[in-house]
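Structure, as structure tokens:
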Amino acid sequence: MWGLTPKTPSERALALGARGHRVPLSLSTFDGACRGGPLTGRVIVIGASPGIGKTTLVTQLARELAGRAVWSAILSADEDIDGLLIRIGQQEGLTREHLEGGDDTARRVLADRLRDLPLLLFDADEDDATIELVAAELAFRADGAPSVLIVDSIQTARADGSVDADTPRARVDAVMAALKRAAKMHRHLVIATSEMSRSWYKSRRDRIDPMAAFKESGGIEYGTSAALAMIPVEGHDDLIDVVVPKNRMGQKVPFRLQLNFARAHFTEIALPNEEQKVEAKQKGVRSAVLELLQKQTNLGSANAVFRVMGGNRVEVLRVVADLVSTGAVVKRDGAYQLALNGGAQ
């Protein structure tokens, strides 16, 4: 009646099965949750607040994939090509100082190691690079082989229609539409980074849905097959917890990464068990109490410590009692003080 020729359920059943190539990302927990790795033709978004290491992570993924003969391209709008090359050089064992200083030997070594890798780097300001143009070039080079398009980031990359968008949300929607087209039309696995909203990294993460924290999240929430959020572990500059608020390709299993700063390289490590989590939390409260008592020497009760410090009252009172019982904190002139202060060695 309308000129449609729909396939019957029986015909569709004959076409069931994984459509695309599985591309393991060397993130063992996420790869396992995706039954061996995410599929090409899908879009993955990795979100984090500024400076957490999302550009470092996706650069590492691109280099490792290219090392396995998977065609990979990075469209970088958040950082220039030099920054990406320096990270890749660090991952190859070269020093940041030599690379930043333009050391001739370091440049030649890096050039030799990159010579035969199927890796493309595009600066968003270079030759008016857009998602559509880079996706087409990558498809041409890959010629039907598995391919991965990395875009850094959704908020800053350009796509057809994004320049004319009149709001940040409309701009993100235009970019997300381009990413979905690149995945569907060219069968790339698309990995894009995203900024998180300010509410996400202002200390109330436990009360915010990670999916809702993706900046201008409407288009991102509905346009991705999987979303990963990187969260710094309190008190550890080198540790990142990754939560998975969305995964249409499998289970939403969290994992932890450790960053080697000198090598600009993340390695997955085991998450702590519940007992270790409690111990780490108590250690953090203990350090905070000791720091407070070092600065304020007029607090005469555990409740007074809690009123100044905040947090969980039961935990604070328990830690103060433990510090007193072990002799780390003593009472002088009606106020708590550190045992090592005032000559009490």
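The values are calculated or read from the model by the stated rules, or taken from the named source; none is laboratory data. Quick caveat: nothing in here was measured; it's all calculated off a predicted structure. Cβ coordinates were reconstructed from backbone atoms using ideal geometry, including for glycine residues, and neighbour counts include every protein chain displayed. For accessibility, only protein heavy atoms count, side chains too; no ligands or nucleic acids. Shrake-Rupley method; radii C 1.70, N 1.55, O 1.52, S 1.80 Å.
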- line: Expected single match for closer than 25 Å to Ala142 by Cβ, among the small types (Gly, Ala, Ser) and open to solvent by 10 Å² or more (accessible area, probe 1.4 Å) among Ala13, Ala62, Ala69, Ala73 is Ala69
field: region 126-154 residues that are of a type in the set (Asp, Glu) and modelled with pLDDT of 95 or more, paired with ones that are open to solvent by less than 30 Å² (accessible area, probe 1.4 Å) and part of a helix (DSSP H, G or I) (beta carbon under 8 Å, 6 or more apart)
entry: Glu132/Ala178; Glu132/Ala182; Asp152/Lys54; Asp152/Thr55; Asp152/Val58
- request: Could you give me the residue pairs with C-beta distances under 8 Å whose first residue belongs to region 256-268 and is touching a residue at least 60 places away in the same chain (Cβ under 8 Å), whose second residue is among the aromatic types (Phe, Trp, Tyr) wherever it lies, and which are 6+ apart or on separate chains?
  value: Leu257/Phe266; Leu259/Phe266; Glu268/Phe255
- request: Would you point out the residue of region 208-222, among those that are open to solvent by 10 Å² or more (accessible area, probe 1.4 Å) and touching a residue at least 40 places away in the same chain (Cβ under 8 Å), that is nearest to the chain's Cα centre (by Cα)?
  value: Pro210
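Scan region 265-272 and tell me whether some residue there is over 27 Å from Ile52 (Cβ atoms), in contact with a strand residue (DSSP E or B) (Cβ under 6 Å, 6 or more places away or on another chain) and surrounded by fewer than 15 Cβ atoms within 10 Å (Cβ to Cβ).
No: region 265-272 contains no residue that is over 27 Å from Ile52 (Cβ atoms), in contact with a strand residue (DSSP E or B) (Cβ under 6 Å, 6 or more places away or on another chain) and surrounded by fewer than 15 Cβ atoms within 10 Å (Cβ to Cβ).
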- prompt: So which helices (runs of 4 or more DSSP H) are wholly in region 1-87 and hold at least 3 residues that are touching a Lys or Arg at 6+ places or on another chain (Cβ under 8 Å)?
  reply: 54-67
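Just to check your reading of the model, which residue among Ala288, Ala304, Ala321 is without any contact (Cβ under 8 Å) to a residue 12 or more places away in the chain, assigned to a helix (DSSP H, G or I) and more than 30 Å from Asp31 (Cα to Cα)? Explain how you work it out, then say what you get.
Details: Ala288 fails: without any contact (Cβ under 8 Å) to a residue 12 or more places away in the chain; Ala321 fails: without any contact (Cβ under 8 Å) to a residue 12 or more places away in the chain.
Just one listed residue meets the conditions, Ala304.
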message: Against the definition (outside any helix (DSSP H, G or I), surrounded by fewer than 19 Cβ atoms within 10 Å (Cβ to Cβ) and in contact with a Ser or Thr (Cβ under 8 Å, 6 or more places away or on another chain)), how does Asp160 come out, yes or no?
response: yes
field: Residue list for region 278-296, restricted to those being open to solvent by less than 100 Å² (accessible area, probe 1.4 Å) and at pLDDT below 85
entry: Val278, Ala280, Gln282, Gly284
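Matching residues to (1) aromatic (Phe, Trp, Tyr); (2) on the phi < 0 side of the Ramachandran plot; (3) more than 16 Å from the chain's Cα centre (by Cα):
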{"position": "Asp238", "(1), (2), (3)": "no, yes, no"}
{"position": "Gln276", "(1), (2), (3)": "no, yes, yes"}
{"position": "Glu279", "(1), (2), (3)": "no, yes, yes"}
{"position": "Leu293", "(1), (2), (3)": "no, yes, yes"}
{"position": "Gln296", "(1), (2), (3)": "no, yes, yes"}
{"position": "Gly311", "(1), (2), (3)": "no, no, yes"}
{"position": "Thr326", "(1), (2), (3)": "no, yes, yes"}
{"position": "Val330", "(1), (2), (3)": "no, yes, yes"}
{"position": "Asp333", "(1), (2), (3)": "no, no, yes"}
message: Within region 171-184, take every residue that is of a type in the set (Lys, Arg), modelled with pLDDT of 95 or more and surrounded by 15 or more Cβ atoms within 10 Å (Cβ to Cβ) and give me the one that is nearest to Ala135 (Cα to Cα).
response: Arg181
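For every residue, the table says whether it meets (1) touching a His at 6+ places or on another chain (Cβ under 7 Å); (2) farther than 17 Å from Val43 by Cβ; (3) surrounded by fewer than 19 Cβ atoms within 10 Å (Cβ to Cβ).
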| residue | (1), (2), (3) |
| --- | --- |
| Asp123 | no, yes, yes |
| Ala139 | yes, no, no |
| Leu149 | yes, no, no |
| Ser153 | no, no, no |
| Ala165 | no, yes, yes |
| Arg169 | no, yes, yes |
statement: If we keep only residues of region 125-137 that are of a type in the set (A, V, I, L, M) and open to solvent by less than 70 Å² (accessible area, probe 1.4 Å), then the residue nearest to Gly161 (Cα to Cα) is Ile131
